[in-house]
Amino acid sequence: MQPLRGTKDILPNDIILWQHLYSKAVEILSLSNYHEIRTPIIESTSLFNRSIGNGTDIVNKEMYSFTDQGERDITLRPEGTASIVRSFISNKLYQQNKTNRLWYLGPMFRYERPQHGRQRQFHQLGVECIGSINPMADTEVIRLATNLLNELECTEYKIEINSIGNLKERNLYKESLVKYLIKYKEDLDNDSKERLHTNPLRILDSKHKTTQEILYEAPCLKSYLCSESIAHFDALCEYLNKLNIEYNINNRLVRGLDYYNYTAFEIKTNILGNQDTICGGGRYDSLIKQLGGPDTPAVGWAIGIERLLSIVKNNLDIKKKNPQVYIAIQGIEAQTKIWDVIKILENYKIRFELDLYNNHLQKQIKRAYQSNAFICLILGDNEIKKEEIKLRWLNKKMQKTILNINLNKELKEIFNTNKDLTKSYL
Ligand code: ATP
Ligand code: MG
């Protein structure tokens, strides 16, 4: 049996990185009053059709959709923002706070061609700052993304930002872009040809060489922006400058989701090859109203966790923890007596592994060495008779037999007072 194409198991050796990321996210995001939210993985298909947009790659060809037994059209969420907005509206979160700062981490599903950095089930960590039109909110979320990346020792990244204006400005621009591109229709790549009718802005994002050459002379979105859009963008740039957050303005940057306006940004690294974007985000001031909620502006981003972890895993020295104590037992009686010993270990928060095979002691001790524990506790019939327990140091030739009643004291001494000796095992 194999996992489905484009899906991966995350095994215990890797989970340790995920746990680290999660705890850093809690630490950093809660400082700025962002609170975690968990929404269902399945939602009505119409939620994504209505928010992400019909001409987008996600809605056109990437969604995992099905009809359930009750004839409902359901989709495994391809991204987080639509679900958060749905939840914001269904739970009337706007009644409780003027600003809702939320974050999430969870699996997303897109039917894409699996390749390095591109899976069909992948994970995103995202933040949404809902309620404010102030460019300070854009600044806050971008700053948080950099805080998180820096804290995870991911430093090789570049921020690209752009303003894609409001709907009216974009529609005017779209018209003149199409007018310009239609002259070169035959030379455009096939995807772009198609997008000329479905989603012309996405052509700006084309990686195709000839298409890019054609775009050099194309009208620029920036010249279609009115003073409000420009003022918002300028303010954001000014704040980022003040914060010494480096960025490039990329006039061609557009995002693959329809709901963005004003600010659009991406964070890229040069480490990942083709799949080089680790974070994408922007402002979405009309989405909440569009989905039936109150007119509420918002801004947010999402980081692709698999891509981020593939960069940081070599920098971070985080390994699965070994047990500190291995417990070898022999005989029927030891199987009931050992729980008292385990209780003591638990009290001292000493990590342990109990051998469950009750076979030859030598075999158990061999497993003790393999476990990389520091000490092996041995409790067999002999020890029980004398109310003793044996301690064997696994990193040197040393063994000691002590009375049961002294175990507490002994463990305390080994693990608390003799820190140097045990450091590498803690
Ligand atoms: P891309 O251009 O790489 O397809 P996107 O614009 O579709 O990215 P977003 O929808 O903005 O991506 O999602 C934010 C982030 O989630 C991306 O920058 C990326 O790190 C990650 N991501 C998106 N799709 C996948 C995928 N199929 N597999 C792994 N990570 C992904
Ligand atoms: Mg994509």
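The values are calculated or read from the model by the stated rules, or taken from the named source; none is laboratory data. These numbers were taken from a predicted model, which means no experiment stands behind them. Backbone-built Cβ (ideal geometry, glycine too); neighbour counts: all protein chains shown. Note: areas computed on protein heavy atoms with side chains; ligands, DNA, RNA excluded. Shrake-Rupley method; radii C 1.70, N 1.55, O 1.52, S 1.80 Å.
Computed quantities for the displayed model
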item: Spans of helices (runs of 4 or more DSSP H) in the stretch 250-353 with at least 1 residues open to solvent by 30 Å² or more (accessible area, probe 1.4 Å), within 11 Å of ligand 1 (Cβ to nearest atom) and among the basic types (Lys, Arg); result: 305-312
item: Residue among 231, 235 that alone is hydrophobic (A, V, I, L, M, F, W, C) and either open to solvent by 50 Å² or more (accessible area, probe 1.4 Å) or modelled with pLDDT under 95 (or both); result: 231
item: Residue under evaluation residue 156, criteria (1) within 16 Å of ligand 1 (Cβ to nearest atom); (2) at pLDDT 95 or above, criterion not met; result: (2)
item: Set 258, 295: member being among the charged types (D, E, K, R) and free of Cβ contacts under 8 Å to residues at least 60 places away in the same chain; result: 295
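Yes/no matrix, rows are residues, columns are (1) within 23 Å of residue 147 (Cβ to Cβ); (2) without any contact (Cβ under 8 Å) to a residue 24 or more places away in the chain; (3) in contact with a strand residue (DSSP E or B) (Cβ under 7 Å, 6 or more places away or on another chain):
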position	(1), (2), (3)
227	no, yes, no
234	no, yes, no
239	yes, no, no
254	no, no, yes
262	yes, no, yes
270	yes, no, no
273	no, no, no
277	yes, no, yes
280	yes, no, yes
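Residues are listed down the side, and each one gets a yes or a no for (1) closer than 23 Å to residue 320 by Cα; (2) modelled with pLDDT under 95:
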site	(1), (2)
367	yes, no
371	yes, no
389	no, no
395	yes, yes
